[in-house]
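Novice: Shown below is the structure under consideration.
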Amino acid sequence: MNKYIPLILTKYLIIEFSKCLSIMFLVFLSISLLTNFVEEIIFFKEKNMDDIFLTIATLTIFKTFNTLIEVSIFIFLFSGIFFFVKFSKNNEINTIKLSGISNLLVILTPAFFSFFFGIFIVLALTPISSEGIKFYEKNKRSYSQNDNLIVINDSGLWFMEKLKYKYKIIRADKIVDNDFSKLYNSTIYEMDNDFNFLKRYDSKLIFINKKNWVLENTVVLENINNKKDKTEKDIKINSTIEINELKNLFTNANTISFWNMLSNIEKINQRGYSGDELKIKFHKYLSLPFYLFSMIILSTLFTLNIKKNYSNFIYIFFGIVLGIIVYFLNDLSIALGVSGKMQLSLSVWIPIFVIIIISTLNLISINEK
């Protein structure tokens, strides 16, 4: 056999798979743009704005980039399905096999291409995606009724609560054991709408029960002649911030790129928050190349391993069912990790191990035929 045939065939396989990948990318891009656009229309429907269409379009585009990365495993799954269906219907598989070349070359070439493409997504595209989500959240927040902000840095946790006639800026040293109902060594600054100082509370411990905050051992500094009441007392205040909202402000791991993930996990760990969402996201990034590789192998399950040819709609149905199973398996495993029933990092990788084992057995079966 000519030694150049595998090289030429490899190039051909990559080109053909890239075509299928491009088609699936455009399909998922269209669906993502449509769903995100409708979502933004619903959000902005009651807001009076002059440039509402431009705003909706801009936010949709920035959000869609991240959406495509989130659904990339399904893009590659369907790309693999239609790539192998095309080869099977054109009888190219048998032609390649008769030339003395193993079926493994046809399967592993797009699989390894997907693996390296996954590395490219993680290293190059996730930083762009994270900046896009930051832009999306920053701009959408300006149109939202919820104007509360959160920042975490070396000086502690910082919250800003916007009220009708004033602002509250809250700083806490730390939380303990992920318990957001308790803020330790906290300071609350009250400012008017022009950010002029009104009052300051220095509290050793804040208990949060829904929207009711109890400040224990609190010293108050009034704006009147800058007099400070040094008597420690317990104070009750009402807030628009709830515990669940406080937690959710930490959870959007999409705003953090792969390169900054570990440093952010370390930072929030120092403040008493475990950062499970960031850890899950970090391992999802690490596992993405392996996920894409396994999706290609898995797509041969009902394309190359069965002799009967079906219509394209049947293959679409099979792909949707397979995608739902993969999604459910992944979601179930992570839920077990979050609940503490298995190691958190392992919960991200277990679905991949299961898929790779099934795919490997299927690969052996195909190669023996």
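Novice: Only one of 172, 111 is more than 28 Å from residue 52 (Cα to Cα) and modelled with pLDDT of 90 or more; which? Don't jump to the end; show me each part of the working.
Specialist: Details: 172 fails: modelled with pLDDT of 90 or more.
Every option except 111 fails the conditions.
Novice: So, in segment 90-131, exactly how many residues are over 24 Å from residue 281 (Cβ atoms) and either surrounded by 13 or more Cβ atoms within 10 Å (Cβ to Cβ) or not assigned by TED's automatic domain parsing to the domain that holds residue 322 (or both)?
Specialist: From segment 90-131, those over 24 Å from residue 281 (Cβ atoms) are 90-113; that's our starting set.
Next, from what is left, pick out any that are either surrounded by 13 or more Cβ atoms within 10 Å (Cβ to Cβ) or not assigned by TED's automatic domain parsing to the domain that holds residue 322 (or both): 92-93, 96-97, 101-113.
Here the count works out to 17.
Novice: Would you be able to tell me the number of residues in segment 44-66 that are modelled with pLDDT of 90 or more and among the basic types (Lys, Arg)?
Specialist: Residues flagged as modelled with pLDDT of 90 or more and among the basic types (Lys, Arg) within segment 44-66 amount to 1.
Novice: Read through the list (1) within 30 Å of residue 131 (Cα to Cα); (2) surrounded by fewer than 15 Cβ atoms within 10 Å (Cβ to Cβ); (3) modelled with pLDDT under 70; (4) not aromatic (Phe, Trp, Tyr), then give the number of the only condition that residue 150 fails.
Specialist: (2)
Novice: On to the next question. Under the condition of being surrounded by 15 or more Cβ atoms within 10 Å (Cβ to Cβ) and aliphatic (A, V, I, L, M), which residue from segment 317-337 is nearest to the chain's Cα centre (by Cα)?
Specialist: Across segment 317-337, the extreme among qualifying residues is 334.
Novice: If I ask for residues that are over 25 Å from residue 164 (Cβ atoms), at pLDDT 75 or above and of a type outside the set (Phe, Trp, Tyr), which ones from segment 237-265 would you list?
Specialist: Once the filter is applied, which keeps residues that are over 25 Å from residue 164 (Cβ atoms), at pLDDT 75 or above and of a type outside the set (Phe, Trp, Tyr), segment 237-265 yields 253, 254, 255, 256, 257, 260, 261, 262, 263, 264, 265.
Yes/no per residue for (1) polar (S, T, N, Q); (2) at pLDDT 90 or above:
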{"site": "276", "(1), (2)": "no, no"}
{"site": "304", "(1), (2)": "no, no"}
{"site": "319", "(1), (2)": "no, no"}
{"site": "333", "(1), (2)": "yes, yes"}
{"site": "344", "(1), (2)": "no, no"}
{"site": "360", "(1), (2)": "yes, no"}
{"site": "369", "(1), (2)": "no, no"}
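Novice: Within segment 61-93, work out how many residues are hydroxyl-bearing (Ser, Thr, Tyr) and over 16 Å from the mean Cα position of the chain (by Cα). Don't jump to the end; show me each part of the working.
Specialist: Looking only at segment 61-93, we keep the residues that are hydroxyl-bearing (Ser, Thr, Tyr), and these are 64, 67, 72, 79, 88.
When the remaining residues are screened for being over 16 Å from the mean Cα position of the chain (by Cα), the result is 79, 88.
Number of matching residues: 2.
Novice: If you don't mind, another one. What pairs come out if I take residues in segment 24-52 that are closer than 30 Å to residue 296 by Cα and pair them with residues that are aromatic (Phe, Trp, Tyr) and part of a helix (DSSP H, G or I) whose C-beta lies under 6 Å away, six or more apart or interchain?
Specialist: Going by the 6 Å Cβ cut-off, the qualifying pairs are 24/78.
The values are calculated or read from the model by the stated rules, or taken from the named source; none is laboratory data. Note that the coordinates shown come from a computational prediction; the quantities given were computed from them, not determined experimentally. Don't worry about glycine lacking a Cβ; one is built from the backbone with ideal geometry, like all the others, and counts go over all protein chains shown.
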